[in-house]
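Engineer: Mind having a look at this structure? Questions to follow.
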Amino acid sequence: MTFLIKGETETWEVVIGLEVHAQVISNAKLFSGAPTDFGAEPNSQVSFVDAGMPGMLPVINEVAVEQAVRTGLGLKAQINKRSVFARKNYFYADLPQGYQISQFELPIVGEGTIILDMSDGTSREVGIERLHLEQDAGKSIHDLHPSKSFIDLNRSGVTLMEIVSNPDMRSPDEAGAYLRKLRSIVRYLGTCDGNMDEGSMRCDANVSVRPVGSTELRTRCEVKNVNSVRFVMQAIEHEARRHVDIYESGGDIQQETRLYDPNKGETRQMRSKEFAHDYRYFPDPDLLPLVFDDDYVESIKATLPELPDEKKERFMSDYDLTAYDAGVLVVEKETSAYYEDVAKGRDPKAAANWVITNLFGALNKKGISITDSPVSAANLGKLIDLISDDTISGRIAKDVFEVMVEEGEDPEFIVDERGLKQIRDTGSIEAAIEQVMADNSDKVEEYRGGKDKLLGWFVGQVMKQTGGKANPGMLNELLRKKLSP
Amino acid sequence: MSLDDATVRKIATLARIDLADADLAPLAKELSGIMSWIEQLQEVDTDAVEPMSGGTDMTLSWRKDAVSDGGHADKVLANAPEAHEGFFGVPKVVE
């Protein structure tokens, strides 16, 4: 799935690296005891540390450390047992300290990898350069007053993990797959809720282009704070095309920070942070080095859940699923648990088909998640049992499923109540066949005269006669017998 | 190392310090003095010394993940030049 931009003079390849800010799940903030809940009254979750008051000292939250290590382990990354906090200096109204406490030269997590599951079933590996801990900034609100911006510091000091990828991605699709996979991993780990629309996962994309075949890295631009996977993909495509246009008209790209405007479908330069790239990092004198030992890392490793990649492998080997099906089923751990409940003791491929095709379709249509599914795993399992023991046909099963989606009932109850059981007694099927043959004697003649193709038509008519309930195998056999001259 | 006026002007801008033109030259001289002192320190051979990020060999102590603060917006806002409905009010900064 190569993504190339055909220009006037050359064909171009896009080079993408992503920086993701993931808000860590914890009760209190990174360096203070103020709470982290979303949507509280303005400035009600602020300690004097978060407000940048003079004389306040930051003290690190042990859970923030644990969550960063856990995420690093989930990314198969190097864990640095000694890391150092640094001050990243810049001025902004929602940054009361005048600097952000971050990590620079010695981050808590080093190099790792993420495996992308592409929509055609193939996989690709993308390198993680680092993961470091840092403080979130406050929030500016611009539409509450005609001439003022309002600042709420509730988010100030909340723990973020900044996860930086290598410039390994070559298409908007790969960037989308990266974000979805990262979100899946942090959700499995319970280290971040991954909600991009609430801002608990935010993405900056570094984009550059180069002629196909070249290995140079040209000047990149950073597109900031794009708040959905779809917008990230769009922003990358627009930014890449802008670079191509500039290069092809003889211009040059300046390294700069840009904002994506999804309404206009364009990126534009950010004005305020002229000196944004001169952060003057230095080790934070308020904070000693963060140090832990191997036992600590091992104790966290021992509590890691089965992660999406391993689960996918297991689904492929134990259930004989395709890479695509397994990949789809493991994205959310709730979905994979649901699937395993349905598949237990049943044909795993049939279970996968029902979950992926029918259930996902129904949930999408209703716009609800699997945890709110009106069809329980137990009931979907029962429905599959009803097909495999020939109580109902596959076609009727689809109707029963529709009823289950609407009413949430047990499929056995629905089949009984509506009289949908398959007709398996020879007499009733024969009676229906005879009725159809009597009503269509001309067609019977044609069939007997050699028009074999009419068999299908007869099957359809008899099915209709029985309300779709005749056992298809018996129907076919009896029909052939009756029709033969 | 001696700093020129333009560099001093840039440093002042980064630190948001309003600097009169007349102060540039004297400041350049003072900062250059500090820089040459650091240059002198760099003559010390530190090849065998592990880089430090502080003056002690202590490490960070950790805090439990428990909520122990917050709930005092009034105190947080007490010294703010301007506050509106629980928010800090600042000149409009829109991207």
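Engineer: Restricting attention to the stretch A:304-325, which residues are among the aliphatic types (A, V, I, L, M), part of a helix (DSSP H, G or I) and modelled with pLDDT of 95 or more?
Structural biologist: Result: A:M316, single match.
Engineer: Consider A:D143 against the criteria (1) within 14 Å of another protein chain (Cβ to nearest Cβ); (2) in contact (Cβ under 8 Å) with a residue 24 or more places away in the chain; (3) assigned to a loop (DSSP other than H, G, I, E, B): it satisfies all of them except one. Which criterion is unmet?
Structural biologist: Only one criterion is unmet by A:D143, namely (2).
Engineer: Let me ask something additional. Mind checking which residues of the stretch A:96-114 are crowded, with 17+ Cβ neighbours inside 10 Å and not in a loop (DSSP other than H, G, I, E, B)?
Structural biologist: A:Y99, A:Q100, A:I101, A:S102, A:Q103, A:V109, A:G112, A:I114
Engineer: In the stretch A:284-299, which residue that is in contact with a strand residue (DSSP E or B) (Cβ under 9 Å, 6 or more places away or on another chain) and under 20 Å from A:G190 (Cβ atoms) is surrounded by the most Cβ atoms within 10 Å (Cβ to Cβ)?
Structural biologist: So, considering only residues that are in contact with a strand residue (DSSP E or B) (Cβ under 9 Å, 6 or more places away or on another chain) and under 20 Å from A:G190 (Cβ atoms), the one surrounded by the most Cβ atoms within 10 Å (Cβ to Cβ) is A:F292.
Engineer: Please state which one of A:A93, A:A40, A:A68, A:A28 is among the hydrophobic types (A, V, I, L, M, F, W, C), crowded, with 23+ Cβ neighbours inside 10 Å and within 30 Å of B:E82 (Cβ to Cβ).
Structural biologist: Criteria check complete, one pass: A:A28.
Engineer: What number of residues within the stretch A:97-119 are over 28 Å from the mean Cα position of the chain (by Cα) and among the hydroxyl-bearing types (S, T, Y)?
Structural biologist: Count: 1.
Engineer: Anything in the stretch A:364-397 that is more than 26 Å from A:R424 (Cβ to Cβ) and either surrounded by 19 or more Cβ atoms within 10 Å (Cβ to Cβ) or touching a helix residue (DSSP H, G or I) at 6+ places or on another chain (Cβ under 6 Å) (or both)? List them, or say none.
Structural biologist: The answer is A:I370, A:T371, A:S373, A:P374, A:V375, A:A377.
Engineer: Can you name every residue in the stretch A:38-56 that is on the phi < 0 side of the Ramachandran plot, at the interface with chain B (Cβ under 9 Å from one of its Cβ atoms) and of a type outside the set (A, V, I, L, M)?
Structural biologist: Listed by number, the residues that qualify are A:E41, A:P42, A:S44, A:Q45, A:S47, A:F48, A:D50.
Engineer: Moving on to the next point. Would you be able to tell me the number of residues in the stretch B:4-33 that are outside any helix (DSSP H, G or I) and small (G, A, S)?
Structural biologist: 2
Engineer: Do we have A:E111 as touching a His at 6+ places or on another chain (Cβ under 9 Å) and either within 9 Å of chain B (Cβ to nearest Cβ) or touching a residue at least 24 places away in the same chain (Cβ under 8 Å) (or both) here?
Structural biologist: When the stated conditions are applied, A:E111 does not pass them.
Engineer: Can I ask one more? Mind listing whichever residues of the stretch B:48-93 are in contact with a strand residue (DSSP E or B) (Cβ under 7 Å, 6 or more places away or on another chain), among the aliphatic types (A, V, I, L, M) and at the interface with chain A (Cβ under 7 Å from one of its Cβ atoms)?
Structural biologist: B:L60, B:A66, B:V67, B:L77, B:V90, B:V93
Engineer: Select, from A:L4, A:L18, A:L57, the only residue that is touching an Asp or Glu at 6+ places or on another chain (Cβ under 9 Å), over 16 Å from A:S156 (Cα atoms) and surrounded by fewer than 17 Cβ atoms within 10 Å (Cβ to Cβ).
Structural biologist: That would be A:L4, the only listed residue that is touching an Asp or Glu at 6+ places or on another chain (Cβ under 9 Å), over 16 Å from A:S156 (Cα atoms) and surrounded by fewer than 17 Cβ atoms within 10 Å (Cβ to Cβ).
Engineer: Do you know which residues across the stretch A:3-40 are free of Cβ contacts under 8 Å to residues at least 12 places away in the same chain and either touching a strand residue (DSSP E or B) at 6+ places or on another chain (Cβ under 7 Å) or in a loop (DSSP other than H, G, I, E, B) (or both)?
Structural biologist: A:P35, A:D37, A:G39
Engineer: Additional query: Listed residues A:I396, A:I368, A:I387, A:I392; which is outside any helix (DSSP H, G or I), at pLDDT below 95 and over 18 Å from the mean Cα position of the chain (by Cα)?
Structural biologist: Sole residue among the options that is outside any helix (DSSP H, G or I), at pLDDT below 95 and over 18 Å from the mean Cα position of the chain (by Cα): A:I392.
Engineer: If you don't mind, there's one more thing I want to ask. Away from every other protein chain (no Cβ under 14 Å) and either touching a Phe, Trp or Tyr at 6+ places or on another chain (Cβ under 9 Å) or not small (G, A, S) (or both): does that describe A:V65?
Structural biologist: For A:V65, the condition - away from every other protein chain (no Cβ under 14 Å) and either touching a Phe, Trp or Tyr at 6+ places or on another chain (Cβ under 9 Å) or not small (G, A, S) (or both) - is not met.
Engineer: Can we say B:S36 is of a type in the set (G, A, S), surrounded by 15 or more Cβ atoms within 10 Å (Cβ to Cβ) and in a helix (DSSP H, G or I)?
Structural biologist: No.
Engineer: Looking at A:D117, A:D168, A:D193, which is the one that is among the charged types (D, E, K, R), in contact with a helix residue (DSSP H, G or I) (Cβ under 6 Å, 6 or more places away or on another chain) and touching a residue at least 60 places away in the same chain (Cβ under 8 Å)?
Structural biologist: Values: A:D168 fails: in contact with a helix residue (DSSP H, G or I) (Cβ under 6 Å, 6 or more places away or on another chain); A:D193 fails: in contact with a helix residue (DSSP H, G or I) (Cβ under 6 Å, 6 or more places away or on another chain).
The conditions single out A:D117.
Engineer: Would you mind finding the one in A:G381, A:G361 that is in a helix (DSSP H, G or I) and either within 25 Å of the chain's Cα centre (by Cα) or within 25 Å of A:I185 (Cα to Cα) (or both)?
Structural biologist: Sole residue among the options that is in a helix (DSSP H, G or I) and either within 25 Å of the chain's Cα centre (by Cα) or within 25 Å of A:I185 (Cα to Cα) (or both): A:G361.
Engineer: Would you confirm whether or not the stretch A:104-116 contains a residue that is under 30 Å from B:A80 (Cα atoms) and out of contact with any Ser or Thr (no Cβ under 7 Å at 6 or more places or on another chain)? Talk me through it step by step, then tell me what you get.
Structural biologist: Start the filter on the stretch A:104-116 by keeping residues that are under 30 Å from B:A80 (Cα atoms), which leaves none.
No, the stretch A:104-116 contains no residue that is under 30 Å from B:A80 (Cα atoms) and out of contact with any Ser or Thr (no Cβ under 7 Å at 6 or more places or on another chain).
Engineer: Which residues, counting only those in the stretch B:58-82, are under 24 Å from B:K92 (Cα atoms) and loosely packed, with under 15 Cβ neighbours inside 10 Å?
Structural biologist: Initial filter on the stretch B:58-82 (under 24 Å from B:K92 (Cα atoms)): B:73-82.
Once the filter is applied, which keeps residues that are under 24 Å from B:K92 (Cα atoms) and loosely packed, with under 15 Cβ neighbours inside 10 Å, the stretch B:58-82 yields B:D74, B:K75, B:A78, B:N79, B:P81, B:E82.
Engineer: For the condition out of contact with any Pro (no Cβ under 6 Å at 6 or more places or on another chain) and under 30 Å from A:P485 (Cα atoms), what is the one hit in A:S441, A:S376?
Structural biologist: Checking each option against the conditions leaves just A:S441.
Engineer: Counting just the residues of the stretch A:444-471 that are among the basic types (K, R) and not in a helix (DSSP H, G or I), which one comes out surrounded by the most Cβ atoms within 10 Å (Cβ to Cβ)?
Structural biologist: Taking the candidates together, the pick is A:K469.
Engineer: Among the residues of the stretch A:158-173, what is the count of those that are assigned to a loop (DSSP other than H, G, I, E, B) and polar (S, T, N, Q)? First the steps, then the outcome.
Structural biologist: Step one: of the stretch A:158-173, the residues assigned to a loop (DSSP other than H, G, I, E, B) are A:158, A:166-168, A:170-171.
With polar (S, T, N, Q) added as a condition, the list becomes A:166, A:171.
Looking only at that region, the number is 2.
Engineer: Given the criteria at pLDDT below 95, more than 12 Å from A:V20 (Cα to Cα) and assigned by TED's automatic domain parsing to the domain that holds A:E62, does A:D197 qualify?
Structural biologist: So A:D197 passes the test.
Engineer: Here is a further query. Filtering the stretch A:71-90 down to residues that are polar (S, T, N, Q) and over 17 Å from A:Y279 (Cβ atoms), which residue is surrounded by the fewest Cβ atoms within 10 Å (Cβ to Cβ)?
Structural biologist: A:Q78
The values are calculated or read from the model by the stated rules, or taken from the named source; none is laboratory data. None of these values were measured; they are calculated from a predicted model. Glycine also receives a Cβ, built like all others from the backbone with ideal geometry; neighbour counts cover every protein chain displayed.
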